Amino acid sequence: MTTALKAPPLGPILDDIVRSHRPQREAGSVPANIPFLGAVPFDRFGIAVATASGEVFSSGDAEVPFSIQSISKVFTLAMALQGDRSGSLWSRVLREPSGTSFNSLVQLEVEHGIPRNPFINAGALVVTDHLMKETPDAATRLLRFLATQAASTGAYIDEAAAAGELAGSSRNLALAHFLKDFGNLQQTAESVVENYVRQCSIMMTCVELARAGLFLARNGQGTHGTVVSASEAKRIGSIMLTCGMYDAAGEFAYRVGLPGKSGVGGGILVIVPGVCAICVWSPRLDAKGNSLAGTAALADLSDLTGWSVF
Ligand code: GLU
């Protein structure tokens, strides 16, 4: 069950959340393989809520662009499902939590090149390969999709950040080569990884991401009509709940009680079905790769508003 917006109004609640959760001293980590992310000041904190009725509330650094990283995987999955009437994607990737880290090689080898879900890196590489069949530059297609849904032209690919990450992408290349070896990749490993890294390097603000994710809270209805069917929106939300927070999905469900997808840029996109989409961003990460301050803030927000799928 979800509940409607509650008094006190959301604006002051978000201001309070920012006051309580903006990091005062450096704690947590940044990903070692993406040099660009280490340069982001530790005390950045922003939050935005886009409601199903069309309002947007925000506070803190909600208008500062950040690297969306794996939050992109929610949107590439939605794009892949849009054109996949035959369900062929689901013969190439499963829908089970992995219980291993997002870039683990071991499970992919043991399970013969079929990734556990579309939100770990191996699964996202399969989704990118699937998109590239129709659109070789899937990253630019994703950018257009995000601009349309966010009703904003602010999003851009940080090509320098992408090049920096690509230079340290041995592990993603290894995953792609495993997939290729098992016959689960049609394009070259190099082209898929390059495209995937460019998707991850898209820069957006909390406000833009909350708006872009709103179709998932509105039965698949986006800014300009149907993005995915109501069933697909429900299914994407289910995969977010079970697989969206790396191998901390259980802990996040326990603390927040909502479907979410995080990225190692420190962003988390959360869906409150029928009510709103929320994006929080703070760049330092816990040991599982999720935003430290962002997760704590969402746990508070869910308690304060009563928003939960349980
Ligand atoms: N570009 C990152 C990687 O592939 C994304 C990781 C993430 O945000 O989970 O390592």
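Residues that are within 18 Å of T135 (Cβ to Cβ) and either away from the ligand (no atom under 14 Å from the Cβ) or over 14 Å from the mean Cα position of the chain (by Cα) (or both) are absent from the range 94-103 altogether. For the structure I just gave you, tell me whether T128 is out of contact with any strand residue (DSSP E or B) (no Cβ under 6 Å at 6 or more places or on another chain) and not in a loop (DSSP other than H, G, I, E, B). Answer is yes for this residue.
When Y254, Y246 are checked against the criterion of being within 16 Å of the chain's Cα centre (by Cα) and either more than 16 Å from the ligand (Cβ to nearest atom) or under 21 Å from V30 (Cα atoms) (or both), a single residue qualifies: Y246. Of the numbered criteria (1) of a type outside the set (G, A, S); (2) touching a residue at least 12 places away in the same chain (Cβ under 8 Å); (3) on the phi < 0 side of the Ramachandran plot, the one Q69 fails is (3).
Here's the yes/no breakdown for (1) open to solvent by less than 30 Å² (accessible area, probe 1.4 Å); (2) closer than 23 Å to Q82 by Cα; (3) within 16 Å of the ligand (Cβ to nearest atom):
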site	(1), (2), (3)
S152	yes, yes, no
Y156	no, yes, no
A161	yes, no, yes
S170	no, no, yes
L173	no, no, yes
G183	no, no, no
V192	yes, yes, yes
N195	yes, yes, yes
M203	yes, no, yes
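Scanning the range 106-125 for residues being surrounded by fewer than 18 Cβ atoms within 10 Å (Cβ to Cβ) and within 13 Å of the ligand (Cβ to nearest atom) gives a total of 0. Looking for something in a helix (DSSP H, G or I) and small (G, A, S) - is there at least one such residue anywhere in the range 103-119? No: zero hits.
Only one entry of E111, E165 meets the criterion of being of a type in the set (D, E, K, R) and out of contact with any Phe, Trp or Tyr (no Cβ under 8 Å at 6 or more places or on another chain), and that entry is E111. For the range 152-175, the set of residues classified as in a loop (DSSP other than H, G, I, E, B), closer than 10 Å to N33 by Cβ and in contact with a helix residue (DSSP H, G or I) (Cβ under 6 Å, 6 or more places away or on another chain) consists of S169 only. What are the residue pairs meeting all of these: first residue in the range 284-310, first residue within 21 Å of D247 (Cβ to Cβ) and open to solvent by less than 30 Å² (accessible area, probe 1.4 Å), second residue among the basic types (K, R) and part of a helix (DSSP H, G or I), Cβ atoms under 7 Å, and 6 or more apart or on different chains? Cβ pairs passing all conditions: T295/R255; A299/R255. Just a yes or no: is a residue in the range 4-23 out of contact with any helix residue (DSSP H, G or I) (no Cβ under 8 Å at 6 or more places or on another chain), within 16 Å of the ligand (Cβ to nearest atom) and either touching a residue at least 40 places away in the same chain (Cβ under 8 Å) or not aliphatic (A, V, I, L, M) (or both)? No, that holds for no residue.
Listed here are the residues, each with its yes/no results for (1) buried (at least 16 other Cβ atoms within 10 Å of the Cβ); (2) out of contact with any Gly (no Cβ under 9 Å at 6 or more places or on another chain); (3) part of a strand (DSSP E or B).
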| site | (1), (2), (3) |
| --- | --- |
| G11 | no, yes, no |
| A32 | no, no, no |
| L37 | yes, no, no |
| G54 | no, yes, no |
| F57 | yes, no, yes |
| K73 | yes, no, no |
| M79 | yes, yes, no |
| S86 | no, yes, no |
| P97 | yes, no, no |
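Write out, first by first residue and then by second, each pair whose Cβ atoms fall under 7 Å of each other, whose residues are 6+ apart or on separate chains, and whose first residue, in the range 255-278, is assigned to a helix (DSSP H, G or I) while the second is more than 16 Å from the ligand (Cβ to nearest atom). Listed by first residue and then by second, the contacts come to R255/A299. Close contacts from the range 126-147, counting a first residue that is buried (at least 21 other Cβ atoms within 10 Å of the Cβ) and a second that is of a type in the set (K, R), with Cβ to Cβ under 6 Å and a gap of 6+ residues or different chains, come to V126/R92; A139/R198.
Restricting the range 260-283 to residues that are more than 13 Å from the ligand (Cβ to nearest atom) and open to solvent by 10 Å² or more (accessible area, probe 1.4 Å), the residue that is farthest from D43 (Cα to Cα) is G274. Suppose the filter is over 22 Å from I13 (Cα atoms) and touching a Pro at 6+ places or on another chain (Cβ under 9 Å); does R284 pass it? It is true that R284 is over 22 Å from I13 (Cα atoms) and touching a Pro at 6+ places or on another chain (Cβ under 9 Å).
The values are calculated or read from the model by the stated rules, or taken from the named source; none is laboratory data. Quick caveat, the model's predicted, so the values are computed rather than measured. Every residue, glycine as well, gets a Cβ built from its backbone with ideal geometry; the counts of neighbours run over all protein chains shown. These area figures cover heavy atoms from the full protein model, side chains too; ligands, DNA and RNA do not enter into them. Shrake-Rupley method; radii C 1.70, N 1.55, O 1.52, S 1.80 Å.
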